[in-house]
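Reading through the structure tokens given below for one structure.
The values are calculated or read from the model by the stated rules, or taken from the named source; none is laboratory data. Keep in mind that this is a model prediction, so the values were computed, not measured. Counting neighbours? That spans all protein chains shown, and the Cβs are built from the backbone with ideal geometry, glycine included.
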Amino acid sequence: MKNLKILLVASILGAIAISYAVADDDGYSKNYKNKNSKYQVSPVKNSLYKEECASCHFGYQAGLLPKRSWEKLMEPKELENHFGDDASVDEKTRLTLLSYLTKNAADSKGNRSRLSKKLDSKISRYSTPIAISETRYFKREHDEIPRRLIVQEDVKSIANCVACHTTAQKGYYGERDIKIPNYGRWDD
Amino acid sequence: MKKRFILLLLPLAMFGADLNPKMQEYMSQLESKAKQENPSFSGFNYTRGEKIFTSTHIGKRGKPISCTSCHTTDLTQKGKNIHTGKILSPISPLVNPKSMAKVKNVKKWLKRNFKDVYNRVGTAQEKGDVIVYITTKK
């Protein structure tokens, strides 16, 4: 009887815990209560973007580049030679994607991510990088990683965020979630 | 004689069996265009499609590349983008019903990937041939 009571209390507590976890369904993982984390950008929520862009590569969050960068990257001529590949889309798709990207860009009005602001603030106003990996802040953050860990088969290139940033999909790039394949955790 | 007869019938049989109505319509469009481009055209062909898919060419990046570089030779298995490392769902509709199902997507990928591998767009005949190959390869 006593055992039964304990079981009952335990299951009620469990149910409460689960309901809390489920309630926290706002696009951020329940592990990241602090949306103002220095390393958090708003995750991708646009299904067209996921389908059109993230079918070939990691779906970089719009908040990782400023508006002017997305505008340049999404020019028809640019898309035809998109980092060496043909990524052209029809005009309607292109404009929809561009609108999503610019509305959520690093320097967009509604974007309150500190990571977006940091990235954006380190880009010269006179330059328009189309690769996040070309930006100054990005380079500084990654300059200590040995080349062999980047070019290895499990990573391929510095552009493959999610290979090491295990929670990159959620827009979280904090150090505690870094795990480099065939190396392990990265402590700065 | 018998063998030749089967070979002639094969592409036709494949055509109807695996493609949805919209895709069949697209195939018919490709067929009439292929006839215009090549008067001796007599239907899409699995073997030609296989060659298109598995042969290596100097691609857009100026380096040797094949469709199989990313999609692998087993179309029922997952592929991997050789440049980005992104895992690709199997291209064979036999295991992935979403593949080769939407005309819009098929057109998009044929355009992109012919450029990536052949550094030019594909002809109507080539497109039809490779669709037959992808949709029926076991």
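Among the conditions (1) in a helix (DSSP H, G or I); (2) of a type outside the set (Val, Ile, Thr); (3) under 20 Å from A:Asn81 (Cα atoms), the only one that B:Lys104 does not satisfy is (3). Report yes if B:Arg48 is within 11 Å of chain A (Cβ to nearest Cβ), under 25 Å from B:Asn20 (Cα atoms) and surrounded by 16 or more Cβ atoms within 10 Å (Cβ to Cβ), otherwise no. Here the answer is no, as B:Arg48 does not meet what is asked. Residues that are among the aromatic types (Phe, Trp, Tyr) and in contact with a Lys or Arg (Cβ under 9 Å, 6 or more places away or on another chain) were ranked within region A:120-172; the one that is surrounded by the most Cβ atoms within 10 Å (Cβ to Cβ) is A:Phe138. Condition check: in contact (Cβ under 8 Å) with a residue 40 or more places away in the chain, surrounded by 19 or more Cβ atoms within 10 Å (Cβ to Cβ), within 14 Å of chain A (Cβ to nearest Cβ) and over 16 Å from the mean Cα position of the chain (by Cα). Does B:Lys115 satisfy that? Here the answer is no, as B:Lys115 does not meet what is asked. At least 3 residues being buried (at least 16 other Cβ atoms within 10 Å of the Cβ), at pLDDT 90 or above and of a type outside the set (Asp, Glu) is the threshold, and among the helices (runs of 4 or more DSSP H) wholly inside region A:1-94 those reaching it are A:67-73.
Polar (S, T, N, Q), in a loop (DSSP other than H, G, I, E, B) and either in contact with a helix residue (DSSP H, G or I) (Cβ under 9 Å, 6 or more places away or on another chain) or within 14 Å of another protein chain (Cβ to nearest Cβ) (or both): which single residue out of B:Thr84, B:Thr135, B:Thr68 fits that description? Exactly one residue qualifies, and that residue is B:Thr84. With respect to being of a type in the set (D, E, K, R) and assigned to a loop (DSSP other than H, G, I, E, B), B:Lys35 falls outside the description. Scanning region A:118-127 for residues that are modelled with pLDDT of 95 or more, farther than 20 Å from A:Ser47 by Cα and of a type in the set (Asp, Glu) turns up at least one hit.
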